1. Inspect region 141-149 for any residue being in contact with a Ser or Thr (Cβ under 9 Å, 6 or more places away or on another chain) and closer than 23 Å to Ile252 by Cα and give the result as yes or no.
2. Can you tell me which of Gln282, Gln243 is surrounded by 13 or more Cβ atoms within 10 Å (Cβ to Cβ) and in contact (Cβ under 8 Å) with a residue 40 or more places away in the chain?
3. Take residues that are within 16 Å of ligand 2 (Cβ to nearest atom) and tell me which of the helices (runs of 4 or more DSSP H) falling wholly in region 194-301 contain 2 or more.
4. Of the numbered conditions (1) within 10 Å of ligand 2 (Cβ to nearest atom); (2) more than 20 Å from Tyr133 (Cα to Cα), Val84 satisfies every one except a single condition; which is it?
5. Quick one: how many residues across region 81-97 are of a type in the set (A, V, I, L, M) and buried (at least 21 other Cβ atoms within 10 Å of the Cβ)?
6. Kindly check whether there is at least one residue in region 23-30 that is out of contact with any Phe, Trp or Tyr (no Cβ under 8 Å at 6 or more places or on another chain), at pLDDT 95 or above, under 18 Å from Ile284 (Cα atoms) and surrounded by 24 or more Cβ atoms within 10 Å (Cβ to Cβ).
7. Kindly indicate whether any position in region 293-305 is under 22 Å from Phe150 (Cβ atoms) and surrounded by 16 or more Cβ atoms within 10 Å (Cβ to Cβ).
8. Output the number of residues of region 218-243 satisfying the condition of being closer than 24 Å to Ile312 by Cα, of a type in the set (A, V, I, L, M) and more than 17 Å from the chain's Cα centre (by Cα).
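The values are calculated or read from the model by the stated rules, or taken from the named source; none is laboratory data. Values in this document were obtained by computation on a predicted structure and should not be read as measured data. Every residue, glycine among them, receives a Cβ derived from its backbone with ideal geometry; neighbour counts consider all protein chains shown.
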Amino acid sequence: MAFLSADQGEGGEGGEGRRSIWTIGGGKGGTGKTFIAVNLGICLSRFGGDVVLVDTDLGGANIHTFLGLSFPPRTLSDLIKKRVEGIRDVVVDTEIPNLGLVVGAQDLLNAANPKEPQKWKLIRHINSLQVDYIILDLGAGNSFNVLDFFLMSENEILVVTPEPTCIENTYRFIKSAFFRKVKRIISHFGVKEIIDMAMDQGNERGIKTPFDIIELAGEIDKSIGLRLEQELENFKPKLIVNQVRTKGDIDIGFSIRSAFLKYFGISIDYVGYIVYDDNVWQSIKKRKPLVLEFPQSRASQCINEITLKLIIDKPFLLSSEG
Ligand SMILES: Nc1ncnc2c1ncn2[C@@H]1O[C@H](COP(=O)(O)OP(=O)(O)OP(=O)(O)O)[C@@H](O)[C@H]1O
Ligand SMILES: [Mg+2]
């Protein structure tokens with residue numbers, strides 16, 4: 001696979017200006033994050049740009065299985081344990097043209113909960129990959145580790161299934177992501193305290209939403225209040241509803257979008273839905289990606305449509321030779 005690392009400069013085909021990072025998360029386990037990451041990655045690779053899938057589900061890495069790779073020669077463990085120099089040394093070629101894979105760490109006892117410096121090092125390594133698209137598959141939950149990977153990108157994608165438990169988790173996840181995001185950029189001690197408090201659902205001051213934080217922060221320092229307002233305006237995660245069975249399920253995406261705007265001031269972009277389709281688990285059982293094994297299936301068509309929608313603001317790939 002042709003790609004450059006940051007230390008090789010920006011002049012090549014994967015220059016900084018062209019690169020786009022997509023992170024796929026959402027809080028709840030088993031919603032289809034990995035399935036979507038893999039199949040989106042394949043659809044993207046067909047447009048001719050270089051794509052690297054990175055498995056950051058450090059406790060349950062399994063992207064390689066979705067792609068039919070049983071014994072990946074190199075994994076993130078080699079990078080964490082410094083057996084290789086840089087992340088480009090652990091990018092494994094797949095059978096799919098233009099698609100590389102960074103297999104998640106599997107044999108490290110503490111991999112699921114890397115220490116802060118280890119995690120930031122990993123994030124810097126991933127950021128140094130100079131390819132057109134980097135797609136990060138995230139683990140479940142809303143731990144700081146998962147949130148920090150989620151916030152690495154300008155295309156934060158949430159995967160939700162149309163069940164109340166999953167929707168509930170998604171609200172919690174996205175709220176926590178926003179709180180984490182602002183905590184990282186605000187240095188004012190008093191405001192940091194408010195954000196910490198907000199992370200605790202049952203906090204005694206009743207801080208629940210980004211609006212509450214902005215108001216309280218504004219009382220402490222008007223300019224910080226305004227900065228937070230700006231951050232809220234710029235935070236625009238994307239939403240995919242997966243495992244849709246009815247028209248009502250499709251509409252859940254619109255309801256989530258309205259609720260986020262009304263109660264949290266967060267504008268979510270509902271980029272599409274994927275139908276529940278038996279071909280999905282059949283393809284997983286066969287260890288063959290859905291869009292290759294069942295390209296005509298309804299779920300494959302949904303993923304193709306979502307891919308197109310997602311790259312509409314990245315026209316360079318549409319114009320590259322495939
Ligand atoms: N559109 C769909 N139609 C039918 N089944 C689906 C669909 N999407 C996902 N699944 C099923 O859900 C299962 C879980 O998918 P996947 O492993 O991608 O979830 P995940 O969100 O990555 O899970 P985890 O949080 O454990 O990493 C798959 O094995 C598949 O059987
Ligand atoms: Mg997964």
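1. Yes, there is a match, as at least one residue in region 141-149 is in contact with a Ser or Thr (Cβ under 9 Å, 6 or more places away or on another chain) and closer than 23 Å to Ile252 by Cα.
2. Gln243
3. 278-285
4. Unmet condition: (1).
5. 3
6. no
7. Kept after step one, since they are under 22 Å from Phe150 (Cβ atoms), are these residues of region 293-305: 303.
Subsequent filtering for residues that are surrounded by 16 or more Cβ atoms within 10 Å (Cβ to Cβ) retains 303.
There is at least one residue in region 293-305 that is under 22 Å from Phe150 (Cβ atoms) and surrounded by 16 or more Cβ atoms within 10 Å (Cβ to Cβ).
8. Qualifying residue count, region 218-243: 1.
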